[in-house]
Every structure is written in structure tokens, then in C-alpha cells.
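To start, the structure itself, in C-alpha cells.
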Protein chains: 2
Amino acid sequence: MSDETAIPVVQMRRPRWGDPARTAELPGAAAALAGDRQADAGVDPATITLARPAVDVDVREQISELVGPDNVSDADVVRVQHTRGYSTPDILRLRAGDADDAPDLVVYPGDHDEVVAILRLCSERRIAVVPFTGGTSVVGGLTPDRAGVAGVISLDLRRLDRVVEIDEISRMATLEAGLRGPAAEALLREKGWTIGHFPQSYEGAGIGGYAATRSAGQSSAGYGRFDEMVEGLVLATPRGTIELGTAPRSAAGPDLRQLVLGSEGVFGVITSVQLRIRPVPTTRVFDAWRFASFADGATALRRLAQDGPLPTVLRLSDEVETALNLADPAGAGSEASGPSDTGAGGEGEAGDGGSAGCLVVAGYEGGADEVARRRDAASALLTDVGGSALGDGPGEAWRTGRFAGPYLRDPLLDAGVLVETLETVAFWSRLHEVRTAVTAALTDSLTASGTPPLVMCHISHVYESGASLYFTVVAPFGDDPLEQWAAAKTAANTAIRASGASITHHHAVGRDHRDAYHDEIGPLALDALRAVKASLDPAGVCNPGILI
Amino acid sequence: MSDETAIPVVQMRRPRWGDPARTAELPGAAAALAGDRQADAGVDPATITLARPAVDVDVREQISELVGPDNVSDADVVRVQHTRGYSTPDILRLRAGDADDAPDLVVYPGDHDEVVAILRLCSERRIAVVPFTGGTSVVGGLTPDRAGVAGVISLDLRRLDRVVEIDEISRMATLEAGLRGPAAEALLREKGWTIGHFPQSYEGAGIGGYAATRSAGQSSAGYGRFDEMVEGLVLATPRGTIELGTAPRSAAGPDLRQLVLGSEGVFGVITSVQLRIRPVPTTRVFDAWRFASFADGATALRRLAQDGPLPTVLRLSDEVETALNLADPAGAGSEASGPSDTGAGGEGEAGDGGSAGCLVVAGYEGGADEVARRRDAASALLTDVGGSALGDGPGEAWRTGRFAGPYLRDPLLDAGVLVETLETVAFWSRLHEVRTAVTAALTDSLTASGTPPLVMCHISHVYESGASLYFTVVAPFGDDPLEQWAAAKTAANTAIRASGASITHHHAVGRDHRDAYHDEIGPLALDALRAVKASLDPAGVCNPGILI
């Protein structure tokens, strides 16, 4: 039933997203935004020539002894494939032939102990280490600061790909960090279990990355955020190993799992995670509902989050995204945890599509009785607060197309159309103000640079006290699309913080959100985090310049 | 409906528990355990004379200027009332006239800024600061290490007692840390809201203590643990203020709220907490069920925790506790977050009461429809896995008597009967092993010291992946009850850690669990916590010797 497990594990090839065998057709109307530009796929990354690796030959030899010579590479083509992440600026740079941030070496450790040994060696030699699972960061999380280090190693964890243990009584599985989403689901499904974590980066991202960045999947209403699924984890640091997670919850001091989750590699490398698992659902139904306005739809989502019952998937699209969704369900309004949404088919004229109202998708997964019970109660509430049932057609269309979004960015960029996403989260009482402020900041900035944008918004994660807001921005290339987007992003970040929201809901901090993050937590909390880093990583080699 | 709000806010008087106007009758059979001892209430704490305060006069004057002269006291009677907590060893010491751990000064700050100013001053003068809300610690959390400090101040937060703000849209309330449970509930109830946090220490404990110790209340299945209710908090440190909680959840770095929750005063003083609130329930029903064995009952609880729906209150008593519960519902088997359970009326002969089986209490609170829906589904599951419905009589009896337990300890101690509790939490797959090991350790230790005990156990907090185990131990006084209990407690702690469980589920670490806690998190994580403390409290004056 769960077609997520039918998604093959593929090696994505930067700068393009996903399965290389699958190419997205650009929706016809996108050309309207692009004007009469010639399609341009940019520089072939296989042709990029890099500077010689900065890492000393003897370091390379020592690492080679640790992991075996086949598990170290300084080939340009390999280094390029570990350069930066999947934000639109990252992609634009690589398309322009710029791989200046490439790591010096790519190392593939085989187990936890090898990771600890590499961290120790790199600590002695002051070489930065970047953990790499899917490489799908959209916030610069894979681009460490080279100041003060003698080189950069990308630590690709793909060989740490085992399901170590399944505890069926406690419903937990111990998974190694390099397992990618589809592989993890396929291995668990053989035994009847699922993690239930399906971010839009699902095809590319992996367990370690989910944990290090506090990922949230499309089914978060039913299965929880990734950080809520973690019962235990193992962290390799330059000083040795930390194992956390004796029990589900405890009063034994601070919850240190929550200190490692979201640490983005700056304290060390997460090598395995003990995850809560659930039985593979036997029943699934995805309903769609229409609300007259975003405010009405948000009230409905809030009521479900506060009074229950919660569907497994719950999302609300604004008028623009709704018009695109209903016109082109596979291409619009899906959500990216790793890569950016590309929910625009250039159908900007649909922006006035107030007639479609605002689409709510409410999906239910589980046992038949329990799905029926939740669906009936939630449907009664949605009707009660003004929703009109649209049946399961649009909901199913959203479901089946939900991993297609990222594939659209590539032909859009080929056609000269800039597309990028950003997200935030706030308490319900501030949500309207945040949405208004961020929309205005993006619109004003891009209009000022001569490229009026299409700005869409959806809610895809709800909590009793608040919700996420996810923005997709589409605009024709200006003279300098990197500069164009940088200005818009700065304006959006400023608006997010000024309106009291968090700088990110599930894309993490990386380098791109660092200043705003420091503003968010304040100087003393930042000092405390830096103290933790100094304690565990005294040489400062773990993903330096990220987060803190 | 919620009679919790009918509980008056009283000033408890050490060493006895709760409302001084209320005295518990000792169940008749308790005398059997005590033999022919004379009842002895111990030394009147009002008669204890203390050594002169160690704090310099000029420090006292400076504090007096900060908070006003009426808000500082070094009177013996006040200092004695801030001495240690409510563990049975703490109580035994005070009953023996030993108040050697009394603080030198008791200070009552009026707001957050005064707390920061006091911490700054104490940091300069190297005076330890112990945050005090309810003073109900059972793990030595109020007894700092005097090595290296020039005195100890008990910072009694009772004047920080306001509901600062209620955000009805986001369903959150900002409460000051000194608010005690009943006062907080009464103030919120005026507006139709409840926190839903009802630990057995409810009459004594306060908001700041709940947060600092990761308290869990009797309704945790429905309302969550206290740490799960916290959306934001404000921490006063010697270096200034940390404010956390921009949004319900975020990917902006580690969740630093979870670093402060459970920090037991060692990073500073929590002065206010932003809590999730819920509407006051309109319907309540408490069912009782009988299972043939503890293992069968545990399986039933696990199924409810994993497959749902969860009642609001869910607990399982073993055979001994069940026999006592059904014989004397008001006095047995309730649960202590702060004070110890005293669930034994000396009816040790009921220990063979296998005929009663094992009692499950399943309580439901909420709106009428939702309660009916959850109750029907949960009842079907409980029946399905072998439960026999006992109606709502025993469940209601448990509910109405659930805050009575702690009152019984005093007459038991008067009668020479030692009673104490301890708790742990583990993953489901280890639960049986943990329960067996801890029961054996307690039984063997106390039998070896010549006082065979009655050991009872219940589960009162369930999670998808595991559950708590709460032990109540009753034994006649040996020659040295402090030594007698210390040996039993050490044996239990060793068994807990050896069987892979956490050293505490909701009583926190304090001094009593410190070594076991360090074993649980390991040396590198301990270093990280010490680094955080050194960053925020460089002089080491915040509750030194506790936790880390």
C-alpha cells in the first residue's frame, strides 16, 4: 500500500535532483515567466576541474589505513558531488561551474569506530569534518568555514547502512546513520514496520541528516517530527563516544538527546539512531477540503491540532498554491525538507484564483477501524468550521505527486526561472502577522530588483500551540539571480525574526540562518552551545562555521 | 468537576506533609509491622537551634537592599523550614533534630530582575543559591555542597506567583515559577483552563520545581509530562537572562528548553514558564479493570500506549498494591512526584492477595463525545486482552483518594515503620527484568538487615516504547533506619542501572542519584553539562553538588 517503499534508492547527481533516469517536463506555462530565454542546463559538473586537495599526503595515507584505500577519494568528480547542498543558490553556483567549496577528500568510513578514529586524527591535524548522508541541505550545512583548518573532509556515511536491531516489543529500530529514507523503509517493511518519516527530500536524505537537522516529514501530524521519533542515538566525537537514550522519557537531568538533535555536525557525527517504529498501515485515505480563506482554513487546522483527532497528514494551501495544486497536483505545493519546493508551473495568472478558495488535505493512515474513527470525527469538525468536502480525488492526487516537486526546479532554472522556498514556525496567535510580514518582505524585495515574484504559502505541520508556514517563491532571473535571491532571503529572515517566529521549522540553520539563529537564542544560550562544542570538539574541526 | 482546584494552598510544615490542619489516621494494621513501639513524632522543628548564619553581614545588607528587609530572614524557624526536602531520610533527620544542612539565609525575591541581581551578587561572593518553590525534593535536590562556597541561600520564589499572560488562541499560559500547583490551577480555572499536571506532590510543589525536575503527573497519559507542556521558559543565570521558546517546535539548533528542563538549578533559576493549557474538562469517568497478572496488565497498558487510544490516567498495580488498594483505596498505591508514596497501611498480610489480581485504573477526562469515544475504544481493547471490568467504583475511589497517600507516611514513621518509594523507567522489552531485579535488590537488602520488607510496584506512566515502574517499600525500623534505607537504596540503584533502566522517571537526580546518573549519561556527556554550567555559572554558585 505504501508506495514510498517503491521509490528506488538512487545516487543523485548534483546539480539536478533525484533519480537521474527521471526528468520532469516543464509545465508549459512556465515559459511565460521565463520570457524568450534559451533553455540552459549550465555547466556539466563532470567537466569541472578543481584545485589540488589541501590535505597533506600523509593525512590521506593515515585515513587510507583507517578505512581502506578504496574508501578514500580525491577525484574531482567525487569531490564535486560532495560540494554544498541543494539550495537554489548552491545549485546556481554549481550550474555556473563554481565548485570552489569542494571538500579536499571524500572518506567513506565503515563503522562507528572508524568515524571516531577519523575525528581523532582530524582533530590532531586540524582538518574540518563534514558529515554527509544525503547531502540535501538547503541552508549551507555542508559548507564549513575553512578559516583555521588545514583542509576539509566530507565524511560520506553511505556504508553505515544497516538496520542494527528491531525491538518489536518496544517498537524501536536501531538504524545506522547512512541509511537513506527509501532503503530504511524497505528494510523495515520486510518485517511489517515503518518509520513514517517522509520529508520531500525522502529520495535523497538519510537517517543521520534527519536527526542532525530536526527534519519534519509530510506525515508529521500522525507520526511526529523526526526528533520526536528518536529514542536513542550514538554520537562520535573527537574525544570518543556518547550514547544516549536509556528510556523513552526520564527525569535524569536535561534530555541530552535534544541537545544532539539539531546539532548539525558541530559536536560530532551521529552514527546510529534508535527510532520509534509503527506497523505498516493497512488503510489509507486522503481527503481534500475547501475553505473560503487561508484564515478559515488555519482555524480549522488549529481546531484539529488542539481538540483532535489529528489526521496523519494535514496541510492547508493558500489561494495561489491551491489554484496551482488543483490545476497540476503533481507539480505544486508539495513540501521540501531537504530540497526546495518548486511548486510553480509558471501559472502565475492563477494567482488571482480566489475562486478555488484554499485547499486542505487531510490524510489518514492506520488500521481500518481507527482510520474510520479519526476520519469521521475530523470530518465532522472540518464541516462544522466551514469546510466543503472535495472527496478524495485532489487529496490522492497530492499524495501520489508529493515527491515530484523537487524535480521541477531543474527545468525551471534551465528556463531562467528562479524558484526557492523557505519556512518558519510560530505560535498560532502570531501566525497571521508572520505570514503577512514574510510575504510582503519577499514581494517587496524581488519587485524592487525588477522581478515581481509569485509567493505561495502553506501550512504543513501543526501543533497544539502553533504551526509552520512554508513559502515558495518564483520569479524570473534578474541580472544576478544569486544577488537577487540573497536580498530577498535577507528581507524574509528579518521579517521572520521581527514578527517573533523561528528562523526555521525544518530546514535547520547551517550557515545561511546563523545570524538569525543567534538573534533567536540570544548570547548566553549561544555561549552555552559553544561551551559544549569546546568540550567535545576542542580543536574545532566538526563542521566549523555551521550553526554556532 | 475538577476537585483538584478545591485543594487549598497551604504552608506545609516540615517534617510533616501537607495541610497542617489535616492529620491522617494510621490504618490499624500498621501497628502490626511496628510491633509494640511507642508512637513518637520526633523533635518539634520549632525547638531546633541552629548555628549562626555563615553569610557575612554586609552580604545580608546588600541582599536586603535588593529585595527589601522584609524579604530576607535568618530566623532559625524559617531556616529549618527550608532544610532539605521530603525524602524519608530527610524527614528522619529532621525528626531527630538534625537541621545541620539549613541554609544561612532565606530570601524572597519579588521578580525576575531581583533573581538575576541576587545571582550576580552571590556569584561575586561565592555564596550558593538553592531555588525553592515547594521544597518537596525526594532526591536531595535542596542540599547543596558547601565545599568551596561561603554560605548557602535558599531562594524561596513564593512571591513570583502571577499568571503573567494567557494566550487563548495558542492555548498557552505564562506562569511565574513560585506558583504552587493548586494556586495555578485555581487562577487558570477562572478563565476555563487547566494545566492538567497533578503529581502526588501537587499540594506542595510549584511550577519552577516541576520544570527544573521534569515532573510527571498522574494524568500524564492525557496531558503529557510537565516537560512536554513547556513551550517556553525564562532562566535567570549569574551572567544574565536566557529566554527560550520562539515556537512549539523548530529546527533552529538543539532544543535548548530541554537543556534547562531537568537542570535542577545548576545553570540558574527558572523564573517563569510558558505552558500549554487545555480547556477544563466537562466529563470525567474513572474505570477499574482486573488482570490476572502484572505481565498481563502490562501488556494491556503497552497495547493502549502503542495502538491507542490512551486514557487520561492509566495505571497498573501489582498484586500486593492491588490488595491494599481495594481494601483501602484512599491510602494505597497513589503516586508521589515530590513526596514518597506511603501506600501501605501495614496490611502486609494482603501481600498474598493474588486473588485480587492486578488492578488497572483507566480514567478519561475531556468533552463528553470525545471521552465516550476514547472510553469505548480503550475498553474494547482492555477486554480483548483479558481484562475484567470492575466498574467505576474502585477507579473513583482511587481518584478521590489520590492525594492522601503522603499524609500516611507521618503516622507510619511515628509508629516506627519505615516507608519510602523510588521509581525508574525503561523500554518495554526490559521492563520485566527491571522490575524483578529491583524488587529482589530491595527485598534482599532489607531482609539482610533484619527487616523483611513489603515491596509493591505500579506502572503509572506509559509511552509507546516503554513505561515507568514505581516501587513502594515498607519495613519496620531497624536499629538505624537511615543506614537501613541507604543500603536498600544503593542496592536498588545498582539493580536499576545493571538492568539498563534510567535512575529516575520523575523524581530527578539531586545528590542521591548523582553517581548513578553519571553512569547513565557517561563521562563525555557529563563534561558537556559541566561546560554549560561553567559558561553560565562561572563561580559555581548555582545549587552546587546537585546533578553534576
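Here are the criteria: (1) within 25 Å of residue B:239 (Cβ to Cβ); (2) at the interface with another protein chain (Cβ under 8 Å from one of its Cβ atoms); (3) small (Gly, Ala, Ser). Tell me which single one residue B:539 does not satisfy.
For residue B:539, the failing item is (2).
Looking only at residues that are of a type in the set (Val, Ile, Thr) and in contact with a strand residue (DSSP E or B) (Cβ under 9 Å, 6 or more places away or on another chain) in segment A:462-504, which one is farthest from residue B:254 (Cα to Cα)? Steps first, please.
Kept after step one, since they are of a type in the set (Val, Ile, Thr), are these residues of segment A:462-504: A:462, A:472-474, A:490, A:494, A:496, A:503-504.
Still in the list and also in contact with a strand residue (DSSP E or B) (Cβ under 9 Å, 6 or more places away or on another chain): A:462, A:472-474, A:496, A:503-504.
Details: A:462: 20, A:472: 26, A:473: 28, A:474: 31, A:496: 19, A:503: 13, A:504: 12 Å.
The selected residue is A:474.
All but one of (1) of a type outside the set (Phe, Trp, Tyr); (2) more than 7 Å from chain A (Cβ to nearest Cβ); (3) surrounded by fewer than 24 Cβ atoms within 10 Å (Cβ to Cβ); (4) touching a Gly at 6+ places or on another chain (Cβ under 8 Å) hold for residue B:246; state the number of the condition that does not hold.
Against the list (1) of a type outside the set (Phe, Trp, Tyr); (2) more than 7 Å from chain A (Cβ to nearest Cβ); (3) surrounded by fewer than 24 Cβ atoms within 10 Å (Cβ to Cβ); (4) touching a Gly at 6+ places or on another chain (Cβ under 8 Å), residue B:246 comes up short only on (2).
So which of B:301, B:256 is without any contact (Cβ under 8 Å) to a residue 60 or more places away in the chain and closer than 28 Å to residue A:256 by Cα?
Numbers: B:301 fails: without any contact (Cβ under 8 Å) to a residue 60 or more places away in the chain.
Of B:301, B:256, the one residue that is without any contact (Cβ under 8 Å) to a residue 60 or more places away in the chain and closer than 28 Å to residue A:256 by Cα is B:256.
Give me the residue from segment B:512-538 that is assigned to a loop (DSSP other than H, G, I, E, B) and touching a residue at least 60 places away in the same chain (Cβ under 8 Å) and, out of that set, surrounded by the fewest Cβ atoms within 10 Å (Cβ to Cβ).
B:538
Hey, residue B:534 hits all of (1) farther than 20 Å from residue B:84 by Cβ; (2) away from every other protein chain (no Cβ under 14 Å) but one; which does it fall short on?
Just one mismatch for residue B:534, condition (2).
Quick check on this structure: which one of A:504, A:472 is open to solvent by less than 10 Å² (accessible area, probe 1.4 Å), assigned by TED's automatic domain parsing to the domain that holds residue A:363 and either on the phi > 0 side of the Ramachandran plot or outside any helix (DSSP H, G or I) (or both)?
Going through A:504, A:472 in turn, the sole match is A:472.
Please enumerate the residues belonging to segment A:115-134 that are outside any helix (DSSP H, G or I), under 23 Å from residue A:180 (Cβ atoms) and in contact with a helix residue (DSSP H, G or I) (Cβ under 7 Å, 6 or more places away or on another chain).
A:129, A:131, A:133, A:134
Return the residues of segment A:96-114 that are outside any loop (DSSP other than H, G, I, E, B) and in contact with a Leu (Cβ under 7 Å, 6 or more places away or on another chain); say none if nothing qualifies.
The first filter runs over segment A:96-114 and keeps only residues outside any loop (DSSP other than H, G, I, E, B), leaving A:105-107, A:112-114.
Of everything in segment A:96-114, those that are outside any loop (DSSP other than H, G, I, E, B) and in contact with a Leu (Cβ under 7 Å, 6 or more places away or on another chain) turn out to be A:107, A:114.
Out of curiosity, is residue B:519 within 25 Å of residue A:233 (Cβ to Cβ), outside the structural domain of residue B:239 (by TED's automatic domain parsing) and of a type outside the set (S, T, N, Q)?
Considered against the rule, which asks whether it is within 25 Å of residue A:233 (Cβ to Cβ), outside the structural domain of residue B:239 (by TED's automatic domain parsing) and of a type outside the set (S, T, N, Q), residue B:519 comes out as yes.
Which one of these does residue B:499 not meet: (1) under 23 Å from residue A:173 (Cα atoms); (2) at the interface with chain A (Cβ under 10 Å from one of its Cβ atoms)?
(2)
For residues in segment B:213-243 being in a strand (DSSP E or B) and facing chain A (nearest Cβ under 7 Å), which is most open to solvent (accessible area, probe 1.4 Å)? Even if it seems obvious, please write down each step before you answer.
Taking segment B:213-243 as the starting set, the residues that turn out to be in a strand (DSSP E or B) are B:230-237, B:240-243.
Restricting the remaining residues to those that are facing chain A (nearest Cβ under 7 Å) gives B:231, B:237, B:240, B:242-243.
On the way: B:231: 12, B:237: 0, B:240: 6, B:242: 8, B:243: 124 Å².
Selected residue: B:243.
Against the conditions (1) more than 9 Å from every other protein chain (Cβ to nearest Cβ); (2) within 20 Å of the chain's Cα centre (by Cα), where does residue A:258 fall short? Just the number, please.
(1)
Given the criterion more than 22 Å from the chain's Cα centre (by Cα), within 23 Å of residue B:146 (Cα to Cα) and surrounded by 23 or more Cβ atoms within 10 Å (Cβ to Cβ), identify the matching residue among B:541, B:509.
The match here is B:541.
Would you confirm whether or not segment A:284-294 contains a residue that is touching a Cys at 6+ places or on another chain (Cβ under 7 Å), under 29 Å from residue B:308 (Cβ atoms) and part of a strand (DSSP E or B)?
Yes, the conditions are met somewhere in segment A:284-294.
Answer yes if at least one residue in segment B:188-210 is without any contact (Cβ under 8 Å) to a residue 40 or more places away in the chain and surrounded by fewer than 20 Cβ atoms within 10 Å (Cβ to Cβ), and no otherwise.
Yes, the conditions are met somewhere in segment B:188-210.
Do you know which of the residues in segment B:446-461 that are open to solvent by less than 20 Å² (accessible area, probe 1.4 Å) and either over 29 Å from residue A:249 (Cα atoms) or not assigned by TED's automatic domain parsing to the domain that holds residue B:360 (or both) is modelled with the lowest pLDDT?
Top of the filtered list is B:451.
For segment B:145-187, which fully contained strands (runs of 3 or more DSSP E) count at least 3 residues that are open to solvent by 10 Å² or more (accessible area, probe 1.4 Å)?
B:163-167
Counting just the residues of segment A:261-283 that are open to solvent by 10 Å² or more (accessible area, probe 1.4 Å) and assigned to a loop (DSSP other than H, G, I, E, B), which one comes out nearest to the other protein chains (Cβ to nearest Cβ)?
The residue in question is A:264.
Looking at B:526, B:469, which is the one that is more than 8 Å from chain A (Cβ to nearest Cβ) and farther than 29 Å from residue B:436 by Cβ?
B:526
Counting just the residues of segment B:306-322 that are within 14 Å of chain A (Cβ to nearest Cβ) and either in a helix (DSSP H, G or I) or open to solvent by 10 Å² or more (accessible area, probe 1.4 Å) (or both), which one comes out nearest to residue B:425 (Cα to Cα)?
Only one residue fits best here, namely B:306.
State yes or no: is residue A:455 farther than 30 Å from residue A:3 by Cα, out of contact with any Lys or Arg (no Cβ under 9 Å at 6 or more places or on another chain) and within 14 Å of chain B (Cβ to nearest Cβ)?
Spelling it out, it is not the case that residue A:455 is farther than 30 Å from residue A:3 by Cα, out of contact with any Lys or Arg (no Cβ under 9 Å at 6 or more places or on another chain) and within 14 Å of chain B (Cβ to nearest Cβ).
Identify all residues within segment A:284-305 that are more than 14 Å from chain B (Cβ to nearest Cβ) and charged (D, E, K, R); write none if there are none.
Those that are more than 14 Å from chain B (Cβ to nearest Cβ) and charged (D, E, K, R): A:284, A:287, A:290, A:296.
Is it the case that some residue within segment A:8-27 is open to solvent by 30 Å² or more (accessible area, probe 1.4 Å), touching a strand residue (DSSP E or B) at 6+ places or on another chain (Cβ under 7 Å) and at pLDDT 85 or above?
Here is the first cut: in segment A:8-27, the residues open to solvent by 30 Å² or more (accessible area, probe 1.4 Å) are A:8-9, A:11, A:13, A:16, A:19-26.
The next check asks that each one be touching a strand residue (DSSP E or B) at 6+ places or on another chain (Cβ under 7 Å); those that pass are A:9.
Filter again for at pLDDT 85 or above, leaving none.
No, there is no match, as no residue in segment A:8-27 is open to solvent by 30 Å² or more (accessible area, probe 1.4 Å), touching a strand residue (DSSP E or B) at 6+ places or on another chain (Cβ under 7 Å) and at pLDDT 85 or above.
The values are calculated or read from the model by the stated rules, or taken from the named source; none is laboratory data. Treat the numbers as computed from the prediction; the structure is a model and nothing was measured. Positions of Cβ are backbone-derived with ideal geometry, glycine not excepted, and every protein chain shown enters the neighbour counts. Just the protein is used for accessible areas: all its heavy atoms, side chains included, with ligands, DNA and RNA removed. Shrake-Rupley method; radii C 1.70, N 1.55, O 1.52, S 1.80 Å.
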